[in-house]
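Working notes, structure below.
The values are calculated or read from the model by the stated rules, or taken from the named source; none is laboratory data. Predicted, not measured: the structure shown is a model, and the values here were computed from it. Positions of Cβ are generated from backbone atoms using ideal geometry, with glycine treated the same way; all protein chains shown enter the neighbour counts. Calculation scope for accessible area: heavy atoms of the full protein, side chains included, ligands and nucleic acids excluded. Shrake-Rupley method; radii C 1.70, N 1.55, O 1.52, S 1.80 Å.
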Amino acid sequence: MKIFSTSVRQQLSPSRLSVVCFVFQAGLTTYYHPGINLKKVHYDSIKLYERLEAETGQAVGFHQPGSVRIASTAARVDEMRYQMTRTHWHVTPQYMIGPEKVQEIFPLINMDKVLAGLYTPGDGHIDPYSLTMALAAGARMYGAQIYNPAPVTGLEPTADGRWDVQTPHGTIRANRIVNASGFWAREVGKMVGYEHPTIPVHHQYVVTATVPEVKALKKELAVIRDLEGSYYLRQERDGLLFGPYEKMEKMVLQDSWVRDGVPPGFGKELFESDLDRIMEHVEMAMEMVPVLKKADIINIVSGPITYTPDLLPMVGPFQAVRNYWTAIGFGYGVIHAGGIGKFLSDWIMNGEPPYDLIECDPNRYGKWADVPFMCAKARESYGFNNVVGYPKEERFAGRPTVRTSGVYQLLRDRASMGFHAGWEQPHWFYKPGDDKGYEPSFRRTNWFGPVGRECQLVMERVGVIDLTPFGKFMVKGKDSHKLLDRLFANNMPKVGLTNISHMLTPNGRVYAEVTITQLAPGEFLLITGSGSELHDLRWIETEAAEGGYEVDVTNVTDDIGVLGIAGPNSRKVLQKLTDEDMSDAGFKFLHCKSIKLAGLPVRAIRISYTGELGWELYMDQKNMAAVYQAMMEAGKDEGIDNFGTYAMSSLRLEKGFRGWGAEMNCDTNPLEAGLDYFIKLNKPADFIGKAALQEIKAKGLKRKLSYLSLDTDDIDPEGNETIWHNGKVVGNTTSGAYSYSSQQSLAFAYLPMELCSVGQKVEVELLGRKYPAMVIQEPLVLTEPTRTRLQKKEKSKA
């Protein structure tokens with residue numbers, strides 16, 4: 001186990017195993033990260049390193065000259081503006097600067113191509129070896145025991161959920177184990193029955209001899225990252241050090257380690273360097289920093305860094321193996337070490353993550369992430385290391401995986417596909433004359449018109465959507481109701497009914513949003529988002545095991561296909577295919593029935609995340625194509641067609657529907673998110689987080705989720721943009737989209753209580769410009785059940 005915390009005074013429990021791994025690194029440290037909460041990881045790391053020498057007495061060789069990311073294209077300038085608006089509401093210092101300031105910070109740069117820079121003061125580099133020694137020394141100061149070398153030869157779970165860790169020094173009994181073993185991660189994982197999708201990548205950096213122009217400088221050069229050249233460059237004593245990221249066709253994977261394992265005894269060794277492989281980047285570096293042309297190369301270092309398919313680490317507890325945690329797959333190990341150590345320490349000590357970091361959840365990969373997929377994605381991620389990071393980004397290597405729905409073959413050539421937890425799912429559909437394909441942009445692009453067409457389809461006629469990527473669990477057994485009453489803040493639905501429920505953390509934050517249906521007495525179907533499938537399943541299984549509940553929890557995600565049908569004509573289409581009464585009286589909202597559709601068994605739930613009249617249809621995967629084709633044939637006269645997730649997102653925002661991972665997550669509580677209706681504080685069961693919520697309610701809220709309309713042009717909010725009022729940062733958006741019904745941009749946003757009133761004016765920053773926005777009454781468009789209820793009320797009055 002490798003746990004670093006904000007202060008090494010946070011003592012390690014003697015029952016935990018500490019394994020320290022030495023990692024090849026260039027030692028770069030930066031506050032910057034495009035991920036919202038990964039910025040916190042970087043921040044915590046740097047703040048620890050700044051005081052580590054004073055605390056431990058060990059020098060760490062920490063240099064903080066700052067860093068500049070260089071923009072030399074218009075798209076890069078837009079990317080920097082995009083990132084700036086996602087940073088203003090964080091503590092991370094970051095500034096967008098002009099060419100003159102770039103030259104002042106890095107006077108040796110060729111200014112011919114420099115358009116702008118993203119400057120982060122406090123960035124720099126640290127000596128990885130000295131850092132490791134200081135952390136180890138600090139840990140020993142406060143009682144930690146470090147055995148080195150101490151290869152783990154076996155891991156045996158005990159009946160009470162603990163572990164026996166077998167080493168040459170003997171067996172250590174641990175309350176939990178954290179796999180922090182770097183490029184040995186797969187081998188340690190195999191000891192508990194898992195092959196983690198991590199693979200070593202060859203990374204090279206070049207060190208020069210003394211450069212006179214560098215030696216003559218009065219202060220250390222800032223680190224620069226030439227994004228078009230795909231390399232970083234920093235000062236190394238009186239010379240320079242730069243490291244490129246080759247294109248995917250040139251980079252090298254150490255795939256033999258995946259096949260045969262890490263060679264015995266491999267530790268501090270390096271690979272053979274290959275200057276020819278990186279020569280293209282060397283030449284670009286020479287053009288950007290001309291003094292390199294005369295510099296003598298004294299060393300080319302080539303070593304392994306560990307990649308996951310998406311370049312993000314795998315951090316946290318693992319599903320299906322009690323008290324087994326991972327901290328693996330760190331492509332940028334040094335800058336993550338301190339912050340991830342704090343994150344894990346806080347989680348272990350407090351029983352919940354200190355903040356939301358689901359993008360690094362180790363359970364985001366399932367068995368579908370096989371070796372060919374892992375290799376293809378790692379190659380893509382390394383080669384795309386410095387490509388422009390667009391919103392709605394898609395990357396296509398290794399796709400499709402084995403996870404394709406029963407209608408994938410019917411839809412694949414008609415839609416722009418998105419990737420969700422291994423699944424292919426249509427984002428939007430093509431029509432003749434449309435500009436097809438994936439065209440990334442920071443502004444509205446080729447999807448904008450077609451998505452509007454699909455929204456109109458659902459609002460006026462009837463549309464069908466593939467929702468198979470939903471996570472799906474069956475929970476049944478003697479204690480099923482008791483377990484779910486403990487896990488969820490809402491009451492459990494009666495047999496044949498459905499509701500929306502939330503799992504909360506002990507501190508009252510929203511861990512998950514789940515749709516629950518009681519199919520039969522004590523038998524429940526749970527539906528969650530695709531990105532939180534195993535994340536949620538782990539939480540459920542852990543509570544079931546630790547609470548001693550007699551239940552059976554089964555993941556049926558891959559077995560069940562799901563089609564959604566929505567729109568005013570959806571009832572007519574389904575009625576043609578079934579003898580079941582689909583009328584409003586015969587099949588009420590949030591009711592569930594087992595029916596025959598085109599002669600095939602389907603479990604139908606009257607619900608739609610578009611907010612329109614609709615059903616979700618659950619069926620065996622092998623029947624999906626037949627049911628889909630039957631609906632499309634039956635719906636010809638009703639104007640039936642396909643729609644994708646982009647349209648669903650726009651429609652749900654118009655209806656004021658919150659989304660998990662945006663409006664609610666482990667950074668928010670359900671009261672500030674406006675989920676009061678779903679939280680039953682008066683229910684008898686002592687659900688997780690109940691006491692914390694009662695305390696939050698008693699103290700009062702400091703902020704609240706608000707509903708905004710924006711006056712924009714060719715750009716719409718995505719979420720995580722900064723909100724301004726009277727020249728000050730006051731909040732952030734959580735999600736946003738264009739409303740085709742009202743012809744304006746919409747967003748959800750967290751604002752302080754004093755700015756939440758309807759009519760309040762604020763500004764939302766998009767690509768460096770502040771657009772006027774106003775808090776409006778939600779929802780903008782009433783849901784179909786609400787409209788129907790109001791119509792009935794008006795008729796009764798008449």
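Pairing each residue of region 776-798 that is open to solvent by 30 Å² or more (accessible area, probe 1.4 Å) with any residue that is modelled with pLDDT of 95 or more and assigned to a helix (DSSP H, G or I), provided the two are 6+ apart or on different chains, yields C-beta distances under 9 Å for Pro779/Leu653; Pro779/Glu654; Leu780/Leu653; Leu780/Glu654.
Phe266 meets all of the listed conditions (1) in contact with a Cys (Cβ under 8 Å, 6 or more places away or on another chain); (2) surrounded by fewer than 17 Cβ atoms within 10 Å (Cβ to Cβ); (3) within 26 Å of Ala134 (Cα to Cα); (4) not aliphatic (A, V, I, L, M) but one, namely (1). Identify all residues within region 120-157 that are without any contact (Cβ under 8 Å) to a residue 60 or more places away in the chain and under 30 Å from Leu767 (Cβ atoms); write none if there are none. Once the filter is applied, which keeps residues that are without any contact (Cβ under 8 Å) to a residue 60 or more places away in the chain and under 30 Å from Leu767 (Cβ atoms), region 120-157 yields only Pro121. Under the condition of being among the hydrophobic types (A, V, I, L, M, F, W, C), within 27 Å of Phe384 (Cβ to Cβ) and touching a strand residue (DSSP E or B) at 6+ places or on another chain (Cβ under 6 Å), the residues counted in region 308-339 number 5. So which residues in region 646-670 are open to solvent by less than 20 Å² (accessible area, probe 1.4 Å) and more than 21 Å from Asn37 (Cβ to Cβ)? Scanning region 646-670 gives Ala647, Ser650, Leu651, Leu653, Glu654, Lys655, Gly656. Quick one: would you say Ala604 is open to solvent by less than 40 Å² (accessible area, probe 1.4 Å) and in contact (Cβ under 8 Å) with a residue 60 or more places away in the chain? Here the answer is no, as Ala604 does not meet what is asked. Region 183-290 holds strands (runs of 3 or more DSSP E) entirely within its bounds, and those carrying 1 or more residues that are among the aromatic types (Phe, Trp, Tyr) map to 199-208, 231-236, 239-244.
When Leu746 is tested against (1) over 30 Å from Arg571 (Cα atoms); (2) not in a loop (DSSP other than H, G, I, E, B), only condition (1) is not met. For region 632-646, the set of residues classified as of a type in the set (Val, Ile, Thr) and in contact with a helix residue (DSSP H, G or I) (Cβ under 9 Å, 6 or more places away or on another chain) consists of Ile640 only.
Taken as a whole, the condition of being modelled with pLDDT of 95 or more, out of contact with any strand residue (DSSP E or B) (no Cβ under 7 Å at 6 or more places or on another chain), of a type outside the set (Val, Ile, Thr) and crowded, with 18+ Cβ neighbours inside 10 Å does not apply to Arg453. Taking region 617-629 as the range and being hydrophobic (A, V, I, L, M, F, W, C) and open to solvent by less than 20 Å² (accessible area, probe 1.4 Å) as the test, the residues that pass are Leu617, Met619, Met624, Val627.
Note on region 404-420: among residues that are in contact with an Asp or Glu (Cβ under 6 Å, 6 or more places away or on another chain) and not hydroxyl-bearing (Ser, Thr, Tyr), the one that is nearest to Thr557 (Cα to Cα) is Val407.
With a requirement of 3 or more residues that are surrounded by 20 or more Cβ atoms within 10 Å (Cβ to Cβ), the strands (runs of 3 or more DSSP E) lying completely within region 126-182 that satisfy it span 177-179.
Number of residues in region 476-499 that are aliphatic (A, V, I, L, M) and open to solvent by 30 Å² or more (accessible area, probe 1.4 Å): the value is 2.
Taken over region 42-64, the criterion of being open to solvent by 30 Å² or more (accessible area, probe 1.4 Å), of a type outside the set (S, T, N, Q) and touching an Asp or Glu at 6+ places or on another chain (Cβ under 8 Å) is satisfied by Ala59, Gly61, Phe62, His63.
Of the residues contained in region 772-779, none is found to be acidic (Asp, Glu) and closer than 28 Å to Gln94 by Cβ.
If you go through region 450-482 and keep only what is touching a residue at least 40 places away in the same chain (Cβ under 8 Å) and more than 30 Å from Lys622 (Cβ to Cβ), you end up with Val451, Gly452, Cys455, Gln456, Met459, Glu460, Lys478, Asp479, His481, Lys482. For Pro432, state whether it is in a loop (DSSP other than H, G, I, E, B), at negative phi, modelled with pLDDT of 95 or more and surrounded by fewer than 16 Cβ atoms within 10 Å (Cβ to Cβ). For Pro432, the condition - in a loop (DSSP other than H, G, I, E, B), at negative phi, modelled with pLDDT of 95 or more and surrounded by fewer than 16 Cβ atoms within 10 Å (Cβ to Cβ) - is met. Please indicate, with yes or no, whether at least one residue in region 680-688 is open to solvent by 40 Å² or more (accessible area, probe 1.4 Å) and in a helix (DSSP H, G or I). Looking through region 680-688, none of the residues is open to solvent by 40 Å² or more (accessible area, probe 1.4 Å) and in a helix (DSSP H, G or I). Could you please let me know if Phe442 is surrounded by fewer than 22 Cβ atoms within 10 Å (Cβ to Cβ), assigned to a strand (DSSP E or B) and touching a helix residue (DSSP H, G or I) at 6+ places or on another chain (Cβ under 9 Å)? So Phe442 fails the test. Does Leu751 satisfy the condition of being outside any strand (DSSP E or B), over 28 Å from Val77 (Cα atoms) and hydrophobic (A, V, I, L, M, F, W, C)? No; evaluated as a whole, the condition is false for this residue.
For region 721-743, the count of residues that are under 19 Å from Glu663 (Cβ atoms), open to solvent by 10 Å² or more (accessible area, probe 1.4 Å) and among the aromatic types (Phe, Trp, Tyr) is nonzero. Among the numbered conditions (1) more than 23 Å from Arg259 (Cα to Cα); (2) crowded, with 22+ Cβ neighbours inside 10 Å; (3) at pLDDT 95 or above, the only one that Ile199 does not meet is (1). Being touching a Cys at 6+ places or on another chain (Cβ under 7 Å) and farther than 30 Å from Glu55 by Cα is a description that does not apply to Ile109. Among the residues of region 93-125, those identified as open to solvent by 10 Å² or more (accessible area, probe 1.4 Å) and within 30 Å of Val730 (Cβ to Cβ) are Pro93, Gln94, Tyr95, Met96, Ile97, Gly98, Lys101, Tyr119, Pro121, Gly122.
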